[in-house]
Each structure stands twice: as C-alpha cells, then as structure tokens.
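What follows is a single structure, written as structure tokens, with notes after it.
Readers should treat all values here as calculations from the given coordinates under stated rules, not as data from a laboratory. Source: prediction; values computed, not measured. In this analysis, Cβ positions are derived from the backbone assuming ideal geometry, glycine residues included, and neighbour counts consider all displayed protein chains.
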Amino acid sequence: MQAAAAMLQDYTLKCSAGFASLKSSYAVSHRAEKKAHAVLKKVWAAAVPRLGLLAARIVDSNIFNRLATSDAGKVDVKAILKCDKNVTEQLPAFTQAVAEALNQGFLGQTQKQVVVVLNEMEVLAARHSFGGLGSAPNAEDVAEAAKRLQDSSRDTWSAMPDLAKDLVAEWQARNCI
C-alpha cells in the first residue's frame, strides 16, 4: 500500500513514474485491500457468535456475581471490623474494602477483559464502514450481547453493598456472640 502511495506521488507530483508503473502498483494495492476485506469478513463472522456465546455463559451462569462473592470473601474482615464497636459505623469502611477487592480481583479483571473484547468488536465494525463494506452484518447481535454483559455488570455492582452487609452479618454472628 505504501509503495502504491509513493508511486502515485511520483506520478502526480514529480512526473517521474510512468502510467504502467502506477497501474501495476494500483493492482497490487487493490489485491491487498481485497485480501484485507476478506480477512475482516472472516474474523467478524467468527467473532460475532463467539461473543454471543461468551455473553450467554457469563450472564446465564451468573459469573459476575459469583466472582464478586469470591473476591469479597478474600477481604480481611478481622482487620476492618471489631466486635466491640457499632457494626453500622464500620460498614462504610468494609464496603469500600469489598469494592476494592472486586475491582482488583477476578471480577475486575474479567470485566476489563470483556471491555477490551467489546472495544475490539467496535473497531471491527467500524472497519466495515471505513473499508466501504457497509454496516457489519449481525451488528445487532453484538449490540445485544454488549447490553446483556453491561446489564449483568451493573446488577453485580449495584448488589455489592448488600453483599458487604451479608458478609458483615455472617462475621458478626460467628465472632461477636
């Protein structure tokens, strides 16, 4: 592609390239573009159903909530809560610790990876348009998968304060008798 651009520049600005050379460079460039479009279509066709499957597995098996529960269970409760203090007053600090554990744990890592995948799908869809191929086929399937993943993530995070309260109640029942 760069060679074709250089050849066009030589032809138009410097008048140092012949039309036959320009035509040959254009043919090479055109073949490369066709090959790139074919690869893009193949990647898109493979990625769309895999994204749908990934979304279904994450959402239908409640993976985000399960990861949140696992990550929250790793918080050092004893370092934050004390039996001789009002638990209600200690709850904000514990809830903050749980939020940090979720962000840094498997939930946060998984959600960041999902965001990367969704961003890459946006790039592939945009390449369809910018490449003159029109809208990416089945783009609505990608949008639906993204919405399901985003809704599941939002629901997990909105349930996080209740998760923290439940962990505090369990700890208090076991340790503050």
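Side notes on the structure shown:
- Along segment 110-123 the Karplus relation, 6.51 cos²θ - 1.76 cosθ + 1.60 evaluated at θ = phi - 60°, assigns HN-Hα couplings of 5, 5, 5, 5, 5, 4, 4, 4, 5, 5, 5, 5, 4, 4 Hz to successive residues, with x for each Gly and Pro.
- Ratio of Rg to Rh for segment 76-177: 1.25 [Cα atoms; Kirkwood radius as inverse mean 1/r over pairs].
- Karplus-derived HN-Hα couplings along segment 64-78 (A = 6.51, B = -1.76, C = 1.60, θ = phi - 60°), whole Hz, x at Gly and Pro: 4, 5, 5, 5, 4, 4, 5, 5, 5, x, 8, 6, 7, 4, 4
- Residue order, fewest to most surrounding Cβ atoms within 10 angstrom, among ILE63, ILE177, ILE58: ILE177, ILE63, ILE58
- Per-residue 3J(HN,Hα) values for segment 41-46, derived from phi via the Karplus relation 6.51 cos²θ - 1.76 cosθ + 1.60 with θ = phi - 60°, read 4, 5, 5, 4, 4, 7 Hz in sequence order (x marks Gly and Pro).
- Full-extension gain in nm, ALA36 to LYS147, via 0.36 nm per residue minus C-alpha separation: 37.0 nm
- Measuring r between the beta carbons of ASP166 and ALA126 and using R0 = 41 Å, the FRET efficiency lands at 0.45.
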